[in-house]
There are 2 protein chains.
Amino acid sequence: MRGEPRRGRYDSDLMTPDEESLVWTRPAPARRLPQTRESIVAAAVRLADAEGLAAVTVRRLAEELDARPMSIYSYARVESKDELLDLMIDEVCGDMLVEDLPEDWRPALRAIAERTRAALLAHPWWIELIGRNVLLGPHGTRYREQSLAAVRTLDADEPARQAAIVTVQTFVVGQIAFALDEQGAAAAGGRHPEAAIRQYHRQLLATGDFPLLAGAGPAEPTTADDRDRYFAQGLEWLLAGISSAQSPGGRPVQ
Amino acid sequence: MRGEPRRGRYDSDLMTPDEESLVWTRPAPARRLPQTRESIVAAAVRLADAEGLAAVTVRRLAEELDARPMSIYSYARVESKDELLDLMIDEVCGDMLVEDLPEDWRPALRAIAERTRAALLAHPWWIELIGRNVLLGPHGTRYREQSLAAVRTLDADEPARQAAIVTVQTFVVGQIAFALDEQGAAAAGGRHPEAAIRQYHRQLLATGDFPLLAGAGPAEPTTADDRDRYFAQGLEWLLAGISSAQSPGGRPVQ
DNA sequence: ACCTGAACACCGTTCAAGT
DNA sequence: ACCTGAACACCGTTCAAGT
């Protein structure tokens, strides 16, 4: 399959006269198909998912794709690593889109919140990139359109509808941010040894300055289950609050 | 005032025979008082506030304090730059503490939310550091105690009280995150030229795939006023929702 | 024109040498 | 013991040279 009849000793420009090994004993001709932008962005996202944003360096990415560092720029046709990050951001925005958005604002907002949460949990590094106009790209734009569609049936004035969108987005991002914070860099290499944290915590409580924390017992780390519950609970509170903005129910709370 | 009688030509070990300038024409003897941990952390926070987290490098910080890079580690008694960031994080947590926390859960949570928001707007880089156990330090611990104190009067079961805390924290962080995102790196150097964004946006809308965005008119950038309103509105919705968790009013929404 | 090796100006941190 | 200069192994990116 792999082995083709060898035609001559030096007919390949990959072979030099002093090269003694037989062609088929060496790895495939390194036919580096030039990577596409998509394949590079996908590789970068995979890398970030697996090892965190810090692992995404131009050199490392090149290694991953069996290319030279500077080729990343050429192949993906980006002018800087920043632009590559922009592409990664928008890729994840694509994961935040809900397939069949319900008509009603309440299930629609709930669906968006849950879909967004799932995407962010799958790509936690996305949060770290906030502050870079994360909803600017094509998928991000579609996401904004989706949010507008979700609140169409919310019977409130335009500012209230906009506030509802922002509030829900905001809530999701905040939830994930704190969830990631609590599990800490624990996943990302365990910056602080668990034992050290516990001992320090005991030491602080021993001062007597934190009666309520002390009363709460030995700070159990929040479980994934807890976080699911907090998310569901908070979201329902939010939706309940927003529904009070409905015109029939009265003026927006203020 | 500055000039003191010159006592001799070489009596200072800062002066060498070939040094021709007069003592008082040169800057003060560079009496580098060894910096304290506090002064170093304060300088780092100032630097981050003024030029962003990226500007906080060991070398730059040393320059700022007229010290050698490696002295930062000695003076602040930190083992890595990561630990310095931990100190910076906790410093900001100190700014999130409310002086006189109201008794009632509702004004208490509102006060915490507003105080937290003010601190985060003053130190926007804090958000980027989430994921590092931001509430682990002494001030962070006090902040957690404060949150527990705030919900004491909330007549709901423990999980609901915890959810209320998480939800409010979460909301604030999310709000700031999106606010920073919208103003983008605009402040931080303007990654994307305003004109380019507008043109790209027009181009996307021209596809007809975004009827609601198109109908909303030329995407006005959100003003600080808008953000204040969204924050206030969202917070009230949230508090209204939480109040539905009060035992007399019925079981927590679900 | 497209691709890329070498080099540049950074970074955090190690380490051995200073005092 | 405390402090620090030089060096190391990185980083993103420039640039000139290759094809």
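The values are calculated or read from the model by the stated rules, or taken from the named source; none is laboratory data. Just so you know, these numbers come straight off a predicted model, no measurement behind them. Here the Cβ positions follow ideal geometry from the backbone for every residue, glycine too, while neighbour counts run over all protein chains shown. Only protein heavy atoms, including side chains, enter the accessible area calculation; ligands, DNA and RNA are left aside. Shrake-Rupley method; radii C 1.70, N 1.55, O 1.52, S 1.80 Å.
Is it true that some residue in the stretch B:83-102 is within 16 Å of DNA strand D (Cβ to nearest atom) and not hydrophobic (A, V, I, L, M, F, W, C)? Yes, the stretch B:83-102 contains at least one residue that is within 16 Å of DNA strand D (Cβ to nearest atom) and not hydrophobic (A, V, I, L, M, F, W, C). Taking the numbered list (1) open to solvent by less than 70 Å² (accessible area, probe 1.4 Å); (2) more than 24 Å from B:Gly208 (Cβ to Cβ); (3) not in a loop (DSSP other than H, G, I, E, B) in turn, A:Ser147 passes all entries but (2). Residues considered: A:Arg110, A:Arg106. Of these, the only one that is away from DNA strand C (no atom under 12 Å from the Cβ), more than 23 Å from A:Pro138 (Cα to Cα) and either in contact with a helix residue (DSSP H, G or I) (Cβ under 6 Å, 6 or more places away or on another chain) or within 14 Å of another protein chain (Cβ to nearest Cβ) (or both) is A:Arg106. May I ask you to list the residues in the stretch B:128-142 that are more than 19 Å from A:Gln199 (Cα to Cα) and more than 7 Å from chain A (Cβ to nearest Cβ)? Residue satisfying the conditions is B:Leu129 alone. Restricting the stretch A:205-222 to residues that are at negative phi and at pLDDT below 85 leaves a set whose member that is farthest from the other protein chains (Cβ to nearest Cβ) is A:Pro218.
Look at (1) open to solvent by 40 Å² or more (accessible area, probe 1.4 Å); (2) touching a Leu at 6+ places or on another chain (Cβ under 6 Å); (3) within 16 Å of DNA strand D (Cβ to nearest atom) and you find that B:Ala43 fails only one, number (1). Here the condition is being under 20 Å from the mean Cα position of the chain (by Cα), more than 9 Å from chain B (Cβ to nearest Cβ), surrounded by fewer than 20 Cβ atoms within 10 Å (Cβ to Cβ) and free of Cβ contacts under 8 Å to residues at least 40 places away in the same chain; of A:Arg202, A:Arg198, A:Arg115, it holds for A:Arg115 alone.
Of the residues making up the stretch B:55-81, those that are away from DNA strand D (no atom under 11 Å from the Cβ) and over 22 Å from B:Cys93 (Cβ atoms) number 4. The numbered conditions (1) β-branched (Val, Ile, Thr); (2) touching a residue at least 40 places away in the same chain (Cβ under 8 Å); (3) at the interface with another protein chain (Cβ under 9 Å from one of its Cβ atoms) are all true for A:Thr153 except (3). With respect to B:Thr141, determine if the residue is closer than 25 Å to A:Ala214 by Cα, open to solvent by less than 10 Å² (accessible area, probe 1.4 Å) and in contact with a Gly (Cβ under 9 Å, 6 or more places away or on another chain). Spelling it out, it is not the case that B:Thr141 is closer than 25 Å to A:Ala214 by Cα, open to solvent by less than 10 Å² (accessible area, probe 1.4 Å) and in contact with a Gly (Cβ under 9 Å, 6 or more places away or on another chain).
Close contacts from the stretch A:70-84, counting a first residue that is surrounded by fewer than 15 Cβ atoms within 10 Å (Cβ to Cβ) and a second that is of a type outside the set (Val, Ile, Thr), with Cβ to Cβ under 7 Å and a gap of 6+ residues or different chains, come to A:Arg77/A:Arg37; A:Asp82/B:Arg191.
Within the stretch B:87-94, is even one residue outside the structural domain of B:Ser243 (by TED's automatic domain parsing), touching a residue at least 24 places away in the same chain (Cβ under 8 Å), within 12 Å of DNA strand C (Cβ to nearest atom) and out of contact with any strand residue (DSSP E or B) (no Cβ under 6 Å at 6 or more places or on another chain)? No, there is no match, as no residue in the stretch B:87-94 is outside the structural domain of B:Ser243 (by TED's automatic domain parsing), touching a residue at least 24 places away in the same chain (Cβ under 8 Å), within 12 Å of DNA strand C (Cβ to nearest atom) and out of contact with any strand residue (DSSP E or B) (no Cβ under 6 Å at 6 or more places or on another chain).
Looking only at the stretch B:157-169, decide whether some residue is under 17 Å from the mean Cα position of the chain (by Cα), crowded, with 19+ Cβ neighbours inside 10 Å and on the phi < 0 side of the Ramachandran plot. Looking through the stretch B:157-169, at least one residue is under 17 Å from the mean Cα position of the chain (by Cα), crowded, with 19+ Cβ neighbours inside 10 Å and on the phi < 0 side of the Ramachandran plot.
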